[in-house]
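The values are calculated or read from the model by the stated rules, or taken from the named source; none is laboratory data. Quantities reported herein were computed from a predicted structural model and do not represent experimental measurements. Heads up, the Cβs are rebuilt from the backbone with ideal geometry, glycines too, and the neighbour counts pull from every protein chain shown. Side chains are part of the model used for accessible areas, which takes the heavy atoms of the whole protein and leaves out ligands, DNA and RNA. Shrake-Rupley method; radii C 1.70, N 1.55, O 1.52, S 1.80 Å.
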Amino acid sequence: MLCLNPPIVLMFESKKISDNELIKMINQGDNAMNQAIEHLLDTHATKIEGYLMKQNSSPEEAEDALYEGIAAFIVNVQRGTFNGQSTIGTYLTSICKGIWFKKFQRMMVHKKWEAAELEKPQNLYEETVITKELKAGLDFLMTNLKDKCKEVLQLWSMSFNMTEIAERLDYTSSQVVMNKKNLCLKELRKQLADNPNLANLLV
Amino acid sequence: METQYTAFIERYFDENLTSVELIEYQELLKTNLDFQKEVELFEKALKAIRLKHISDLKDRVQSIRNKKINSSKSSNLGWMRIAASVMLLAVVSLGFYAQQYKASKLYEEAYTPAGDYITNMDADMSTMEKAMELYNKEKFTYAIDAFAEIGNTHPENQVAKFYLGQSLLQAGQAKQAIITLSEVSGDYQPEALWYVALTQLKMGTETAALESLERIISENEDEAFVIKAKGLKRKLKSPFRKLVL
């Protein structure tokens with residue numbers, strides 16, 4: 001599935017979108033976010049995957065790190081922690097490098113990229129990387145949660161306060177959101193308590 | 001599921017505890033096993049939500065790319081038909097091949113600006129990271145000064161030398177770039193030599209370019225660049241190239 005050289009058609013379709021516009025599109029969600037993702041892939045995928053493969057990554061590993069890196073970048077934009085101090089390209093590359101190294105740690109072909117550098121705390125992405133096992137476990141844990149529950153918990157996990165969540169999801173008051181969040185979180189804790197093997201994946 | 005601590009812990013995670021309650025919370029966390037277990041469940045639930053969000057976004061990115069690749073494959077069929085016709089015409093034109101083997105063409109094919117191996121996005125940026133930021137923002141004149149300054153204070157810093165060469169290249173100071181990049185040693189040497197060869201090719205000094213490529217191949221320090229150097233050397237020495245140029 002890896003596509004190292006963007007097809008001619010894609011190159012013609014790609015139009016320049018500024019970093020600020022991209023951030024707005026991500027925050028708008030839905031189709032605008034999809035277009036932003038498409039643009040990120042068009043402009044950065046080849047470079048990032050190429051770079052990782054130069055560091056001895058397989059194409060599949062590079063692809064996986066790229067997707068997880070873009071996901072982590074989107075979360076940082078949504079949480080407001082990407083402050084535009086550097087270009088999106090540099091920031092995204094740094095995240096993908098870190099995730100790839102964390103996920104597929106191995107001896108480097110050459111030592112340009114020191115492990116010590118990468119182990120610096122960066123808070124750019126989650127400590128836990130998404131493995132197939134973890135993904136399946138997470139899907140199972142969330143099965144019983146309704147979509148509204150997931151939406152509320154998701155915004156809460158990104159540090160949005162109850163008033164902001166109420167505004168975003170059209171709830172009548174922050175108290176309604178608070179009750180909903182507590183109820184949904186209780187259900188999720190119950191799932192975790194009932195499935196200790198899955199809970200252990202989250203250590 | 002609900003315990004005497006639940007509401008208290010919920011308020012902690014909502015950042016609604018008073019400073020006195022916070023001290024009580026920390027105390028319970030140190031001394032009370034039941035409390036610890038319940039807090040741990042809260043933490044794991046929060047982590048599960050965050051990771052699920054990332055996992056869903058990751059699937060979304062993958063699906064967008066897959067769709068894009070599939071649609072471009074079908075569009076490419078049409079393009080391929082057109083391209084086939086164009087190619088047929090081109091085959092009869094020797095001039096077409098002559099263009100392909102021109103040094104400037106080979107340079108364009110092979111040249112991509114060096115990537116950022118340095119910046120890690122820490123809050124406190126080192127002088128090297130600041131210089132890299134200038135490079136990444138394509139402010140090459142300032143980047144030249146910044147890397148040169150690092151080179152003056154730390155002449156052993158090969159990374160700064162490498163990016164000084166890159167900045168010179170991007171700023172159009174090819175001759176100075178060749179001198180600087182030729183002096184790079186250590187892990188960056190093969191890549192530095194690669195750019196020396198490309199720049200020599202661009203400047204029309206093919207013999208020098210071939211010598212640089214030969215050095216990359218014979219010193220065999222980095223397989224990726226050995227492969228690149230062999231490929232370019234093969235094209236430069238191609239008998240067909242001699243025929244059409």
Check: On the accessible surface of region A:22-84, probed at 1.4 Å, how many percent belong to carbon and sulfur atoms?
Finding: 43
Next item on the list: From other protein chains only, count the Cβ atoms within 10 Å of every residue's Cβ in A:86-96, then give the mean.
Entry: 4
Notebook entry, point to check: Percent relative contact order of chain B, based on C-alpha pairs within less than 8 angstrom and at least six residues apart?
Noted result: 14
Checklist line | Cα-Cα P(r), the protein assembly as shown, percent of pairs per 10 Å interval | finding: 4, 16, 24, 23, 16, 10, 5, 2, 0
Margin query: Leaving out ligands and nucleic acids, and using a 1.4 Å probe, what accessible area per residue does the protein assembly as shown come to in Å²?
Written below: 53
Next item on the list: Could you please state, rounded to a whole Å, how far the C-alpha centre of region B:138-177 is from the C-alpha centre of region B:196-245?
Entry: 24
Next item on the list: Using the Karplus curve 6.51 cos²θ - 1.76 cosθ + 1.60 with θ = phi - 60°, work out ³J(HN,Hα) for each residue of region A:41-53 in order, rounded to whole Hz, and write x for Gly and Pro.
Entry: 5, 4, 8, 10, 4, 4, 5, 5, 5, x, 4, 5, 5
Item checked: Gain upon complete extension [B:S71, B:M87; 0.36 nm per residue less C-alpha separation] -> 3.4 nm
Item checked: About the Cα centre, charge dipole magnitude for chain B (Lys/Arg +1, Asp/Glu -1 at Cβ), debye -> 2400
Item checked: For A:N195, residues with placed amide H under 5 Å, excluding near neighbours -> none
Check: Quick one: if the Förster radius is 25 Å, what FRET efficiency do A:N31 and A:E164 give, using the C-beta to C-beta distance and rounding to 0.05?
Finding: 0.65
Check: Where in chain B are the helices, taken as whole DSSP H runs, whose Cα atoms extend 27 angstrom or more along the long axis and whose Kyte-Doolittle mean reaches at least -1.0?
Finding: B:33-91
Notebook entry, point to check: ³J(HN,Hα) across region A:87-102 via Karplus (A = 6.51, B = -1.76, C = 1.60, θ = phi - 60°), whole Hz, x for Gly/Pro?
Noted result: 6, 4, x, 5, 4, 5, 4, 4, 5, 5, 4, x, 5, 4, 5, 5
Next item on the list: With a 1.4 Å probe on protein heavy atoms only, work out how much accessible surface B and A bury together, total over both chains, in Å² to the nearest 100.
Entry: 6100
Item checked: Calculated over region A:140-182: convex hull of Cα atoms, volume per residue (Å³) -> 64
Next item on the list: May I ask for the net charge around A:N31, where only other residues with Cβ less than 15 Å from the Cβ of A:N31 are counted and Lys, Arg are +1 while Asp, Glu are -1?
Entry: +1
Check: Can you give the extra length, in nm with one decimal, that the chain gains between B:T207 and B:K137 once fully stretched, where that is 0.36 nm per residue apart less the Cα-Cα distance?
Finding: 21.8 nm
